[in-house]
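Here's the structure we're looking at; comments come further down.
The values are calculated or read from the model by the stated rules, or taken from the named source; none is laboratory data. Owing to the predicted nature of the structure, the values given are computational and were not obtained by experimental measurement. Heads up, the Cβs are rebuilt from the backbone with ideal geometry, glycines too, and the neighbour counts pull from every protein chain shown. When the accessible area is computed, the model is the full protein with side chains, heavy atoms only, and any ligands, DNA or RNA have been set aside. Shrake-Rupley method; radii C 1.70, N 1.55, O 1.52, S 1.80 Å.
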Amino acid sequence: MIPEWMKEVEIGPCQCCAVNVGKKKSFVEKSISGALSFFQDSLISEGFAKRDGLLQSLDPRVKLVSAIVLVVAVSLTRDIRVLFAVYLLTLLFAYLSKVEVLFFIKRVWVFVPIFAGIIVLPILFNVFMAGDSLVTVATLGAGAHIGPIALPSTIYITRQGTMFAITFILRVATCVSIAVLLFLTTQRDVLFKSLRSLRVPKVYVLTLDMCYRYIFLFMDVVRDFFTAKKSRTIRSLSVRDEQRWVAGRVGYMLVKSLDMSNKVHDAMVSRGFNGDVKLLHDYAVHKRDYAAIATVLTFSLMLALISQNIIRI
Amino acid sequence: METIFDLQNVSYTYLGKFEALKSVNLTMTAGEQISIMGANGSGKSTLLSILNALVYPTSGEFYAFGKPVSEEAFNSLEDNEFGRYFRKKVGIVFQNPDIQLFSSTVFDEIAFGPLQLGLSKAEVKKRTEEVISMMGISSLKDRAPHTLSGGEKKKVCIASILSINPDVLLLDEPTGGLDPRSQLWLIELLQDLAKAGKTIITATHDLDIVEQISTRAIVFGEDHTVKADSNCDAVMNNLELLTSTNLIHKHMHRHGKLMHEHLHSHDGENHHEH
């Protein structure tokens with residue numbers, strides 16, 4: 001029944017078999033495990049929304065509107081002291097909402113250097129923004145240039161550039177903190193449904209909700225692809241072969257997701273879906289919600305007035 | 001008994017060349033418990049999709065509740081009274097729970113059907129709570145589907161259909177991937193639903209459950225035609241039929257209601273003993 005070559009059984013590797021250690025993970029493996037750990041984090045962070053904290057007790061629509069208003073107000077603010085005070089307030093609210101402050105800080109600062117740091121980096125140097133010297137980076141001498149672009153004789157980090165960069169990063173960090181706080185203290189489904197209060201069409205709310213649900217499923221499929229490949233990879237593949245494999249899996253995922261979307265649609269139709277989305281949500285607004293929205297609106301107005309120098313501090 | 005489904009010479013072909021059903025003639029009446037049996041790829045799931053008006057015969061006629069079922073009639077439920085009636089009366093539990101669980105929480109999943117069928121919000125909530133309680137899944141109601149185990153997902157899938165309260169329940173391989181305790185729970189639930197007068201049509205190749213959940217068995221051959229349509233006992237005792245339709249192997253034996261299989265080697269194919 002089975003061919004001859006399949007009847008050969010090896011007891012173990014030969015004594016001379018070398019064991020190499022310390023080889024780094026491949027780019028693909030690192031990317032996939034990074035994405036998976038992000039989703040696992042999301043899963044863990046859903047637990048915060050169920051805790052009995054300050055922000056969890058508020059109506060999701062109030063939180064959503066408050067977060068948007070606050071982000072706009074913070075974006076207008078230029079005073080570093082005010083920004084720092086608002087950032088500290090987000091930490092206080094994280095603490096009062098029973099979110100571990102260290103986890104919260106880490107969650108915010110993972111993204112800030114990536115998105116804000118890279119954008120603001122050139123502003124530090126006198127090449128892009130003139131100012132007083134803080135730290136000299138290089139002395140090039142007169143007439144230095146890169147192609148047609150003339151460079152100053154000394155390249156240094158400016159005091160004004162540094163202040164601008166700090167203000168910018170702090171502003172981004174505060175806005176991200178507000179958004180992260182909203183996500184951590186509100187259940188995803190409730191948060192998505194509260195978008196209806198901003199007149200977002202029902203079909204977008206449903207689609208967003210379903211996307212969030214199926215991302216996890218497809219991440220599991222991607223992980224299974226990679227695990228299956230790893231279990232059958234006897235020697236390392238060339239970069240070209242790896243790229244070909246990734247491209248093939250991307251294509252397969254597209255086909256699989258299309259097939260699944262058809263089946264999910266069938267499942268929805270079978271339960272009476274006819275294109276007219278009906279969502280179940282009822283909210284109860286309490287006195288504390290009115291107090292919260294009034295406080296946030298007043299506070300945001302104050303920030304806007306300070307930013308316009310109408311109120312001086 | 002009232003005829004609910006009537007298939008007349010129904011055939012179905014995927015992409016114009018892959019045959020899934022061939023000249024099927026079947027009548028199903030209200031209150032029946034039917035097992036649709038067949039090997040992998042014999043057309044069981046396609047038949048369930050046709051019975052749920054999710055796909056339509058490429059040839060032949062399909063009548064449900066005495067009315068013809070066609071794609072045109074089901075394109076939109078908006079102004080289609082029969083379509084709404086059909087969706088209320090017939091529910092399907094898919095083989096893959098991830099297809100069926102598309103909402104972000106278990107509660108929303110179970111509430112989805114009643115909401116779409118136009119019940120009031122208060123009634124939807126009451127019904128959802130009752131089904132959750134009946135199925136013993138109160139602890140899961142705020143959970144996201146991707147955090148559930150296989151057995152839990154199956155329970156939620158069934159709950160999401162029962163909340164619509166269909167008279168006809170279609171199940172595609174319901175015991176697939178379930179552990180013994182969950183299987184037993186499912187069998188008891190289907191028996192209770194049968195006693196309540198529901199029509200239960202199950203596609204399966206799990207012979208262990210057929211006699212427990214159905215009184216009639218329809219067997220599909222690998223050529224996608226109906227090979228037998230009779231009472232369960234007659235079908236389950238017809239070893240020649242079960243062997244020829246690839247439902248059992250010749251080294252799998254039945255002793256009364258018990259079945260077991262012998263490990264065997266082809267080196268001594270004609271020599272095995274009990």
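Brief remarks follow.
- The sole residue among B:85, B:14, B:56 that is within 13 Å of chain A (Cβ to nearest Cβ), over 18 Å from residue A:270 (Cα atoms), surrounded by fewer than 21 Cβ atoms within 10 Å (Cβ to Cβ) and of a type outside the set (A, V, I, L, M) is B:14.
- Any hit, region B:131-143, residues being of a type in the set (D, E, K, R), more than 8 Å from chain A (Cβ to nearest Cβ) and open to solvent by 10 Å² or more (accessible area, probe 1.4 Å): yes
- In the condition set (1) more than 10 Å from every other protein chain (Cβ to nearest Cβ); (2) over 22 Å from residue A:277 (Cβ atoms), residue B:123 is compliant with all but (2).
- Pair list, Cβ < 7 Å and 6+ apart or interchain, from region A:181-208 residues that are small (Gly, Ala, Ser) and open to solvent by less than 20 Å² (accessible area, probe 1.4 Å) to residues that are at pLDDT 85 or above and assigned to a helix (DSSP H, G or I): A:194/A:60; A:194/A:61; A:194/A:64
- Within region B:111-120, considering residues that are within 7 Å of chain A (Cβ to nearest Cβ) and assigned to a helix (DSSP H, G or I), the one surrounded by the most Cβ atoms within 10 Å (Cβ to Cβ): B:113
- Only one of the listed residues (A:206, A:198, A:191, A:181) is more than 14 Å from every other protein chain (Cβ to nearest Cβ), farther than 23 Å from residue A:77 by Cβ and of a type in the set (A, V, I, L, M, F, W, C). That residue is A:198.
- For region A:109-119, the condition of being at pLDDT below 90, assigned to a helix (DSSP H, G or I) and among the small types (Gly, Ala, Ser) holds for at least one residue.
- Residues (touching a helix residue (DSSP H, G or I) at 6+ places or on another chain (Cβ under 6 Å), open to solvent by 20 Å² or more (accessible area, probe 1.4 Å) and of a type in the set (Asp, Glu)) located in region B:153-183: B:167
- Selection within region A:57-75 - within 14 Å of residue A:291 (Cα to Cα), open to solvent by less than 30 Å² (accessible area, probe 1.4 Å) and among the β-branched types (Val, Ile, Thr): A:62
- Given (1) exposed (fewer than 12 other Cβ atoms within 10 Å of the Cβ); (2) within 14 Å of another protein chain (Cβ to nearest Cβ), index of the condition residue A:271 fails: (1)
- Any hit, region A:293-309, residues being more than 14 Å from every other protein chain (Cβ to nearest Cβ), at pLDDT below 85, over 30 Å from residue B:14 (Cα atoms) and over 30 Å from the mean Cα position of the chain (by Cα): yes
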